Amino acid sequence: DVSDALRYSQDNITGTARFRAMSGAFGAVGGDLSSLSVNPAGSAVFNTNQVGISFSNQNIKNNSNYFGTETSDKENSFTLNQAGGVFVFKNNNPNAGWNKITIGATYENTNNFNNSTFSAGTNPTNSIDGYFLAFANGIPFQNIDNQDYRDLGYGEQQAFMGYNGYVIDPLTNTPGNSQYISNVPEGGNYYQENEIYTRGYNSKVGFNIATSYRDRFYLGANLNVHVTDYRRSTSFYEDNNNALQPYETISNLRFNNELYTYGNGFSFQLGAIGKVTDAFRLGVAYESNTWYELYDETSQSLSTTRQADGGQPLNANVNPNIVNVYESYTLQTPDKWTFSAAYVFGKSGLLSVDYAVKNYGNAKFKPTNDIGFRDVNTDISNTLTSTGELRIGGEYKINQLSLRAGYRFEGSPYKNGSTIGDLNSYSGGLGYNFGGTKLDLAYSYLERKSNQGFFATGFTDGANINSKLNNVTLTLLFEL
């Protein structure tokens with residue numbers, strides 16, 4: 001669905017501690033291992049060989065409000081954030097215009113998916129029965145009655161789960177029936193809980209080449225290999241105290257779903273940096289679409305309790321113990337343009353500004369002639385929009401000590417502005433130059449609000465989530 005396309009289209013500010021401390025505003029600065037991920041021309045700013053490694057500790061807290069009930073959950077993770085090196089080959093001919101070639105290779109964890117969210121509250125109107133009805137209605141009853149779960153398509157599997165869990169029943173038991181009714185009692189006030197537990201990463205390995213013309217004009221290119229590994233476990237619980245009926249109705253249920261998505265992709269980047277004066281620099285960079293080949297694996301289970309007026313509670317447990325392994329498909333994420341400017345105050349510091357533009361509505365699942373992908377692509381185009389990302393960073397040097405700070409803003413990728421809201425991030429850090437070795441430390445804070453439905457179809461109510469992310473990054477650099 002739309003959220004799947006967005007998940008692999010978004011990048012967070014990762015990389016070295018210096019890069020994070022300045023909120024990634026390096027498009028016209030260069031000279032940092034992570035600057036290559038913004039503008040590949042940045043490696044040609046290096047004058048010496050450099051290698052480095054970075055580690056991060058991420059803590060995210062999600063505050064949830066679901067129909068007035070507030071809950072919170074948090075997750076802490078430690079990752080290898082970045083590693084890489086740049087090697088400089090100089091042309092010592094004083095008459096040569098193109099006086100330098102640099103070659104680099106970097107690894108970056110572009111997105112850390114480790115997260116945990118818990119929402120709970122009383123829904124005054126809607127039950128999860130709407131989810132099962134949305135899939136079941138239109139499916140002939142004989143397609144799910146006494147069938148093997150493994151032989152069914154995804155929509156039929158959802159109808160199968162609802163029917164065998166007694167959440168829904170066919171309007172009539174005749175073979176031609178394709179209409180269904182709910183066994184959840186009317187009356188509203190359904191207490192609901194939703195737990196989402198995710199693990200995984202998006203990573204990128206970039207191979208860089210760049211050159212400089214008289215140290216005034218820099219050109220560069222990257223070839224990138226992307227790897228994604230994403231696991232999501234969700235558990236939805238619902239119960240109600242509505243009046244019992246002469247027939248059996250659902251008193252409570254728990255619906256569990258597991259998703260595992262993995263695959264790899266390819267992209268390229270082109271960039272240029274020009275020194276307008278010795279102090280003032282301008283930069284421009286283009287990042288192509290990323291073409292992913294992805295694989296999905298899913299599994300699910302449903303347990304319910306039902307009871308009739310005067311009867312005993314009856315339990316049902318629908319657990320097919322089946323992992324659905326789907327054929328590979330392609331996701332094309334949107335391309336991005338970055339425009340940059342920087343002012344360098346000699347050896348005492350700098351100020352830098354980046355502005356990036358990405359149209360998330362251009363993401364596409366392929367093959368586009370597949371009827372399911374065609375409908376999702378239409379939803380993506382109608383739901384997502386073009387966004388601007390502003391990054392501002394500054395650095396001030398006091399002898400061997402460097403002080404840094406930054407700010408980042410990214411607009412909502414959704415046209416409604418609320419499914420995922422605007423992003424605001426603040427950062428700061430310091431570094432110390434020991435000569436051939438540098439040690440950098442950065443702290444960044446990010447906040448973003450969202451309201452995504454617990455399910456994409458039928459039952460789309462969701463909680464208001466306020467996510468607050470704290471990150472500490474440590475980088476060790478060596479000049480060779």
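Which residues, counting only those in the stretch 145-190, are among the β-branched types (V, I, T) and over 20 Å from I250 (Cα atoms)? Before you say what the answer is, go through the steps one by one.
Within the stretch 145-190, the first condition is being among the β-branched types (V, I, T), and the residues that meet it are 167-168, 172, 174, 181, 184.
T174 - this is the single residue of the stretch 145-190 that is among the β-branched types (V, I, T) and over 20 Å from I250 (Cα atoms).
Among the conditions (1) under 30 Å from L331 (Cα atoms); (2) surrounded by fewer than 15 Cβ atoms within 10 Å (Cβ to Cβ), T198 misses just one, which is (2).
One residue stands out among those in the stretch 407-429 that are in contact with a strand residue (DSSP E or B) (Cβ under 7 Å, 6 or more places away or on another chain) and among the hydroxyl-bearing types (S, T, Y): the one that is surrounded by the most Cβ atoms within 10 Å (Cβ to Cβ), which is S427.
For (1) out of contact with any Lys or Arg (no Cβ under 7 Å at 6 or more places or on another chain); (2) part of a strand (DSSP E or B); (3) buried (at least 20 other Cβ atoms within 10 Å of the Cβ), each residue gets a yes or a no:
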| position | (1), (2), (3) |
| --- | --- |
| S72 | no, yes, no |
| L80 | yes, yes, no |
| G84 | yes, yes, yes |
| N93 | yes, no, no |
| N99 | no, yes, no |
| N109 | yes, yes, yes |
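Counting only residues that are within 21 Å of F118 (Cα to Cα), in contact with a Ser or Thr (Cβ under 7 Å, 6 or more places away or on another chain), open to solvent by less than 50 Å² (accessible area, probe 1.4 Å) and of a type outside the set (A, V, I, L, M, F, W, C), the stretch 430-461 holds 3 of them. Residue selection: Y326 fails the criterion of being within 22 Å of V227 (Cα to Cα) and open to solvent by less than 50 Å² (accessible area, probe 1.4 Å). In the stretch 4-21, the condition of being more than 18 Å from K358 (Cα to Cα), among the hydroxyl-bearing types (S, T, Y), within 23 Å of the chain's Cα centre (by Cα) and at pLDDT 95 or above is met by at least one residue. Counting only strands (runs of 3 or more DSSP E) that sit wholly inside the stretch 381-480, those with at least 2 residues that are β-branched (V, I, T) are 386-398, 464-479. Selection over the stretch 332-344 of residues that are open to solvent by less than 60 Å² (accessible area, probe 1.4 Å), under 19 Å from S9 (Cβ atoms) and assigned to a strand (DSSP E or B) gives a count of 3. Scanning the stretch 114-138 for residues that are open to solvent by 20 Å² or more (accessible area, probe 1.4 Å) and among the hydrophobic types (A, V, I, L, M, F, W, C) returns F118, L133, A134, F135. One residue alone among S233, S267 is within 30 Å of N202 (Cα to Cα) and free of Cβ contacts under 8 Å to residues at least 40 places away in the same chain, and that residue is S233. Summed over the stretch 406-419, residues that are within 12 Å of T385 (Cα to Cα) and in contact (Cβ under 8 Å) with a residue 60 or more places away in the chain total 1.
Does the stretch 285-292 contain at least one residue that is more than 30 Å from E327 (Cα to Cα) and in contact with a strand residue (DSSP E or B) (Cβ under 6 Å, 6 or more places away or on another chain)? Show your work before the answer.
Residues of the stretch 285-292 more than 30 Å from E327 (Cα to Cα): 285-286.
Narrowing further to those that are in contact with a strand residue (DSSP E or B) (Cβ under 6 Å, 6 or more places away or on another chain): 285-286.
Yes, the conditions are met somewhere in the stretch 285-292.
For the stretch 345-380, the set of residues classified as open to solvent by 30 Å² or more (accessible area, probe 1.4 Å) and in a strand (DSSP E or B) consists of L351, V353, Y355, V357, N359, K364, K366, listed by residue number. Considering each residue of the stretch 459-467 in turn, at least one proves to be free of Cβ contacts under 8 Å to residues at least 60 places away in the same chain and more than 19 Å from the chain's Cα centre (by Cα). For the stretch 30-50, filtered to residues that are part of a helix (DSSP H, G or I) and open to solvent by 10 Å² or more (accessible area, probe 1.4 Å), the residue that is nearest to D215 (Cα to Cα) is V45. Of all the residues in the stretch 307-319, those that are closer than 13 Å to G162 by Cα and open to solvent by less than 80 Å² (accessible area, probe 1.4 Å) number 3.
Could you please find all residues in the stretch 388-406 being open to solvent by 60 Å² or more (accessible area, probe 1.4 Å) and of a type in the set (S, T, Y)? If the condition is that a residue be open to solvent by 60 Å² or more (accessible area, probe 1.4 Å) and of a type in the set (S, T, Y), then Y396 is the only one that fits.
The values are calculated or read from the model by the stated rules, or taken from the named source; none is laboratory data. This one's a predicted model, so the numbers in the text were calculated from it and none came from an experiment. Neighbour counts are summed over all protein chains in view; Cβ atoms, including those assigned to glycine, are modelled from backbone coordinates with ideal geometry. Heavy atoms of the whole protein, side chains included, go into the accessibility calculation; ligands, DNA and RNA do not. Shrake-Rupley method; radii C 1.70, N 1.55, O 1.52, S 1.80 Å.
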